[in-house]
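In what follows, a single structure is set out as structure tokens and then discussed.
The values are calculated or read from the model by the stated rules, or taken from the named source; none is laboratory data. Quantities reported herein were computed from a predicted structural model and do not represent experimental measurements. Positions of Cβ are generated from backbone atoms using ideal geometry, with glycine treated the same way; all protein chains shown enter the neighbour counts. Ligands, DNA and RNA are excluded from the accessible area calculation, which covers all protein heavy atoms including side chains. Shrake-Rupley method; radii C 1.70, N 1.55, O 1.52, S 1.80 Å.
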Amino acid sequence: MSAPSSTSALPFLPFTRPTIDEETITGVCEVLRSGWITSGPQVKALEAKLSAYFGGRPVRAFNSGTCTMEIALRIAGIGEGDEVITTPLTWVATSNVVLEVGAKPVFVDIDPVTRLIDLDKLEAAITPRTKAIIPVDLTGLPVDRDRLHEIAARHKLRVIEDAAQSFGSNWGGRLIGSFGDFVSFSFHANKNVTTVEGGCLVLNDEREARLAEQYRLQGVVRSGVDGMDVELVGGKYNLTDVAARIGLGQIARVDEFTQRRRELARLYFTEFGRLGAAELGLRLPVADFVHSNWHMYQVILPEELLTVKRADIMTALTAAGIGTGVHYPAIHLFSLYRRLGWQAGQFPEAEYAGRNILTLPLFPTMADSDVARVAGALVSLLKTHRKQA
Ligand SMILES: *Cc1c(COP(=O)(O)O)cnc(C)c1O
């Protein structure tokens, strides 16, 4: 039964939407009928595909991106008394995992243009207790890997790349994940490649991969026909075969997804340019069509020029049938982090971005005309709510 569709209004445009094709749905049904639905052959096949994609490096799949970073920290032996440097403008998982292993996150403010951790400020934050850096490729725009790994090598620090958003991005033509130290990806429903929930960790060698397997499932090591031992405290982080089958359908299309996202991002720049958005104070992202997978298209609203707040703009856009998101509020201002000693004013660039950043719709099945509609609606709101000089 199908209801007649409305002709009066355009359908609601979400800020993102997964692309799951019929081949994948059929494949998932086959897994469900196969008799083996949790971790098994599909997870193995996904790990093999990912490893090939990342140039042969060892890869293990998990049920979230968050746990892959926690596990990387544990494999690196990071815990009580250690410091880990990261950005305050990221999903809170990035620093929560540092707290989870008993270490201390150390925030370094962002570069206001790239919105990524400011590498010019990073070295000043290194102390004798610093053990690792977690760079975050916000929106899929990669942190400068040459400078990052040079700094890490010089100070003998581990790097756990939070590449949750940068699957398919590259640095100097090399795919993110195909080089470096630990590289963590998320397959959350909103990410460029999804397993509904899930993630993977790229590791350096088989010893680390074996440890990752132990941390993934209760520390269990199996041997022979009936042998089993437990050497460390592991969690319950294994991916299911149902989820892995979705991931296999996604990886087959990742290049196509990235290309379409880049096209749409380009269109946003064209539209905002045509409409004079920069002259109205709207801060656009870096116009990168080489490295970024365009996981998101984010603008920063000019709060000093507007009579309304971001929430009002979001509400007005929702009323116009346009979904938006906030990625992300600055982490150090959350209650938990304030309780641990952080306060407003410490990272002014991240705080400004956290208050004013806005994620606009961008996903592979979006139409070109959607971009024009979003840009037009936002620019008209900026004009309506502009402070009088
Ligand atoms: C999505 C995301 C994560 C966490 O991934 P989950 O799969 O949701 O656990 C971590 N960091 C960043 C930057 C993310 O975008």
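As a calculated quantity, the FRET efficiency between Leu99 and Ala189 at R0 = 25 Å, using C-beta atoms, amounts to about 0.50.
Computing FRET efficiency as 1/(1 + (r/R0)^6) for Ala372 and Ala153, where r is the C-beta to C-beta distance and R0 is 56 Å, gives about 0.75.
Partner lysines whose Cα lies under 30 Å from the Cα of Lys383, excluding those fewer than 8 positions away in the same chain, are identified as Lys309. Here the Kirkwood formula, the inverse mean of 1/r across different C-alpha pairs, assigns the chain a hydrodynamic radius of 22.1 Å. Against the criterion of solvent-accessible heavy-atom surface with a 1.4 angstrom probe, Phe347, Phe289, Phe187 sort, most first, into Phe289, Phe347, Phe187.
Sort 218-230, 234-246 for me by packing, meaning the mean count of neighbouring Cβ atoms within 10 Å per residue, highest on top. Walk me through the numbers before you get to the answer.
Numbers: 218-230: 10.2, 234-246: 21.4.
Descending mean neighbour count gives 234-246, 218-230.
Relative protection proxy for 135-143, 100-108, from highest mean packing down: 135-143, 100-108 (other beta-carbon atoms within 10 angstrom). Projecting the Cα atoms of Phe62, Trp294, Gly354 onto the dipole axis of the chain, where Lys and Arg carry +1 and Asp and Glu carry -1 at the beta carbon, places Gly354 farthest toward the positive end.
Each residue, Arg339 and Cys29, gets one label point 7 Å from its Cα in the Cβ direction; the gap between the two is 4.9 nm.
Among the listed pairs Lys44/Lys236; Lys49/Lys191; Lys44/Lys131; Lys191/Lys236, which have their C-alpha atoms separated by more than 26 angstrom in this model? Result: Lys44/Lys131 exceed 26 Å. Heavy-atom accessible surface of the range 254-384, averaged per residue, reaches 42 Å², computed with a 1.4 Å probe.
The accessible area of Met314, taken with all protein chains in place and a 1.4 Å probe, comes to roughly 40 Å². Once both labels are positioned 7 Å from their Cα atoms along Cα-to-Cβ, the gap between Asn204 and Lys44 label points is 2.9 nm. With each label modelled as a point 7 angstrom along the Cα→C-beta vector, the Ala319-Ser178 pair spans 4.9 nm. At the residue level, Arg266 shows approximately 130 square angstrom of accessible surface with a 1.4 angstrom probe and all protein chains present. Angle of helix 254-274 to the longest C-alpha principal axis of the chain, folded into 0 to 90 degrees and rounded to 10: 20°. Label point of Gln388 set 7 angstrom out along Cα-Cβ; within the range 274-316, amide nitrogens under 18 Å from it belong to 305-308. Compared with the dominant principal axis of the Cα atoms in the chain, helix 206-216 is inclined by about 80°. Solvent-accessible area of the chain (1.4 angstrom probe, protein heavy atoms only): carbon and sulfur portion equals 55 percent. Counting only heavy atoms of the protein chains and using a 1.4 Å probe, Ile20 has close to 70 Å² of accessible surface. The aspartates and glutamates within cross-link reach of Lys104, meaning a Cα-to-Cα straight distance under 16 Å and a gap of 8 or more places when in the same chain, are Glu70, Glu80, Asp82, Glu83. Computed from the C-beta positions of Trp36 and Leu217 and an R0 of 22 Å, the FRET efficiency is 0.85 to the nearest 0.05.
Using C-alpha pairs under 8 Å with a sequence gap of at least 6, the mean separation divided by the residue count of the chain gives a relative contact order of 22 percent. Taking Cα atoms only, the orientation of helix 241-251 departs from the longest principal axis of the chain by about 50 degrees. Put simply, the range 254-384 fits an ellipsoid with semi-axes of 26, 19, 13 Å; these come from the alpha carbon gyration tensor as the roots of five times its eigenvalues, largest first.
Full-extension gain between Arg266 and Thr365, please, as 0.36 nm times their residue separation minus the C-alpha to C-alpha distance.
On the way: separation 99, 0.36 × 99 = 35.64 nm, distance 1.53 nm.
Full extension from Arg266 to Thr365 adds 34.1 nm.
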